[in-house]
Amino acid sequence: MAAPPRHATMLSISNGDKPAQAQPQTQQTTLPQSPGLRVPSNRKTIYDRHLNRSRNAESSRASFAFLFGEMVTYAQRRVTGIQDLEKRLNEQGYPLGLRLLDLLFYRSTSTSSSALSSSSTSSSPPNRPLRIITLLHLIHGPLWRLLFGRAADALEHSVSPDTPNEYMITDNDPLVNTYISVPREMSMLNCAAFVAGIIEGVCDGCGFETKVSAHNQPTDLWPSRTVFLVRFGDAVMEREKVLERSGVK
Amino acid sequence: MSSNKTSRIGEEIWKTRVDKVNAELVTLTYGTIVAQLCQDYDSNYQDVNKQLEKMGYNIGMRLIEDFLAKSGVGRCANFRDTADMIAKVGLNSDTLKGARIVDISQVGFKIFLNVTPTVTNWTSDNAQFSLIFEENPLADFVELPDDGRAQDELWFSNILCGVLRGALEMVQMQIEAHFVSDVLRGDDTTEMRVSLVRYIEDEMPPEEE
Amino acid sequence: MVVYSFYIFDRHAECIYKRRWLPRPTSIVGKSRSEAAPTGLGQTVRSSDDDSKLVFGTVFSLRNMVRKLGGEDDNFVSFTTSQYKLHYYETPTNTKFVMLTDLKSPSMRIALQQIYINLFVEYVVKNPLSPTEHPGGVGVNNELFEESLEQFVVCVI
């Protein structure tokens, strides 16, 4: 299955794939078709506000559940089956992962430089993970904490010799599934495919080609326990070997 | 109007009864939804606005139930009590009705987004007013596409109009809401205009044949 | 105490959920259909039965009458016959919860409210796979809601 052009789902760069010529009937305006966007005189734009402004801001969990719910419902109307639905949810999570990665790096540098003054960025460049394990720890810890306020519950490497490229991240009680009661006939569905997409975005953003999928692995104690299966591409595994030999951490 | 009381109720519920998540998760998720719609509707922004409103409507209908459950409908026998508190201050029934909408709008947005919009610009018949959003978490991190159209056609936060319409419909008020300005469009404020259409009567069961 | 049955009506006056635990005394089953099949636990009976319409008509009229006599803020809470007790709870969104129990039962108003807050809102309203409106009961009869309701009725009440 060919992946759709993923960047197309990102709003801010959508003008990148839409050449400016695509406007035959421009609305008649007396103003010159000025390039660039209008900005409010009080400068309430993303450029004038601090990126960490919303860092500790909170929103209601129900709001998120409702929003996520609408996303699932909307996606459901446009798909043919469970796999298709999960694929779509995955695709919607992907751009989020790319963005969160930037946010994570930005924040990890500014906090390590000074504990309190968030404005100063340190001179040291952000530490982009080079090795699989570092990357997975970034996801398991900081990413999960940013999204869900806690680390993921487990991180494992496949024990099978046939699949050394497979890793598992476990969340005992994924926030996105909190209110979801999946009907029996759709028992395979896991809406955390959205989160799988986020992970994929983070990995891709770091230069690790990956496929991530979400699987139901309920236990008595954790009925909505979900395992995210992370499968790295061959190129990544090759590179991993090279880095291993040259002792890159 | 007893906006102090209202905001206190909102603050109280927000602090003690609402489970929280990181606001950025909500902001970014909303962003991907809008982006997805822009893509699906081929940047037909009128359709995107409509779809966002529809999604908001569904959310509003659910949100109000959550709100009522959280706000302890238990102790107050029903929501009319909120209006009663205002009634005791001695307002005539028209202002009372208006006040009830305002109550729900303000407390509702507080619980939905942790923002309290300012209520202003009432018409003399108390059937219309504006909500000014000083803060709008949905629009954090957002810049509209620079395609010469989005800033004139897309109401990025249009979902909020639907949220209000859905929530109020569930408590028997039909309203119409639309944005008249948005910081993202280069305006100095983000303003939503709300009009009361009618009060909804109880529905009767279909007649027995 | 014994819980006989439980109903939810939405704002469009439609019965969106109905559950029966024990057969009530036959004298009140209206047009006694005296079901041969055991009305077992966990069985959801819907719509084909018209006693939900009767129940709705009754509570709707009573609630209106109560408001007329006692003022807008008066509430209809329950009524008792020689056979059973009917408990009523209505949300500001016009969703109506009704429970039929035996006569020994204390007031179920709080219980109905708990069902609304902790079960209906949590598992139906917040469930993204369940629609916002429930024509024909769609979305209410999900596993989480039904199981929790079962638990609630068996263990808590």
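The values are calculated or read from the model by the stated rules, or taken from the named source; none is laboratory data. Here the structure is a predicted model, which means the values were calculated and not measured. Note that each Cβ is placed from the backbone with ideal geometry, even for glycine, and that neighbours are counted across all protein chains shown.
List pairs: first residue in region C:74-90 and in a loop (DSSP other than H, G, I, E, B), second residue among the charged types (D, E, K, R) and surrounded by 14 or more Cβ atoms within 10 Å (Cβ to Cβ) anywhere in the structure, Cβ distance under 7 angstrom, at least six positions apart or on different chains.
C:Asp74/C:Arg67; C:Phe76/C:Arg63; C:Val77/C:Arg109; C:Tyr84/C:Arg24; C:Tyr84/C:Asp102
Answer yes if at least one residue in region B:195-207 is more than 14 Å from chain A (Cβ to nearest Cβ) and either among the aromatic types (Phe, Trp, Tyr) or under 11 Å from the mean Cα position of the chain (by Cα) (or both), and no otherwise.
There is at least one residue in region B:195-207 that is more than 14 Å from chain A (Cβ to nearest Cβ) and either among the aromatic types (Phe, Trp, Tyr) or under 11 Å from the mean Cα position of the chain (by Cα) (or both).
Checking the condition under 16 Å from the mean Cα position of the chain (by Cα) and modelled with pLDDT of 85 or more, which residue from A:Glu91, A:Glu70 passes?
Only one candidate passes the filter, namely A:Glu91.
Taking the options C:Leu62, C:Leu119, C:Leu112, name whichever one is touching a residue at least 24 places away in the same chain (Cβ under 8 Å), part of a helix (DSSP H, G or I) and in contact with a Leu (Cβ under 7 Å, 6 or more places away or on another chain).
Criteria check complete, one pass: C:Leu119.
I'm trying to understand the selection: among the residues of region C:122-155, which are among the charged types (D, E, K, R), part of a helix (DSSP H, G or I) and within 11 Å of chain A (Cβ to nearest Cβ)?
C:Glu122, C:Glu143, C:Glu146, C:Glu147
Kindly provide the set of residues from region A:148-187 that are among the small types (Gly, Ala, Ser) and either more than 13 Å from chain C (Cβ to nearest Cβ) or free of Cβ contacts under 8 Å to residues at least 24 places away in the same chain (or both), ordered by number.
The answer is A:Gly149, A:Ala151, A:Ala152, A:Ala154, A:Ser158, A:Ser160, A:Ser181.
Hey, among B:Thr123, B:Thr189, B:Thr116, which residue is over 23 Å from A:Ala57 (Cβ atoms), of a type in the set (Ser, Thr, Tyr) and not in a strand (DSSP E or B)?
B:Thr123
Check off (1) in contact with an Asp or Glu (Cβ under 8 Å, 6 or more places away or on another chain); (2) at pLDDT below 95; (3) not in a loop (DSSP other than H, G, I, E, B) for A:Gly197 and give me the number that stays unchecked.
Only one criterion in (1) in contact with an Asp or Glu (Cβ under 8 Å, 6 or more places away or on another chain); (2) at pLDDT below 95; (3) not in a loop (DSSP other than H, G, I, E, B) is unmet by A:Gly197, namely (2).
From the set of residues in region B:8-38 that are among the basic types (Lys, Arg) and touching a helix residue (DSSP H, G or I) at 6+ places or on another chain (Cβ under 7 Å), which is nearest to the other protein chains (Cβ to nearest Cβ)?
So the residue we want is B:Lys20.
Evaluate the following for A:Thr226: is it of a type in the set (Val, Ile, Thr) and without any contact (Cβ under 8 Å) to a residue 40 or more places away in the chain?
The answer is no for A:Thr226.
Table: residues versus (1) among the acidic types (Asp, Glu); (2) modelled with pLDDT of 85 or more; (3) assigned to a strand (DSSP E or B).
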residue	(1), (2), (3)
B:Gly162	no, yes, no
B:Glu169	yes, yes, no
B:Leu184	no, yes, no
B:Val194	no, yes, yes
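What do you reckon, is B:Ser93 more than 9 Å from chain A (Cβ to nearest Cβ) and either surrounded by fewer than 19 Cβ atoms within 10 Å (Cβ to Cβ) or at pLDDT 90 or above (or both)?
So B:Ser93 passes the test.
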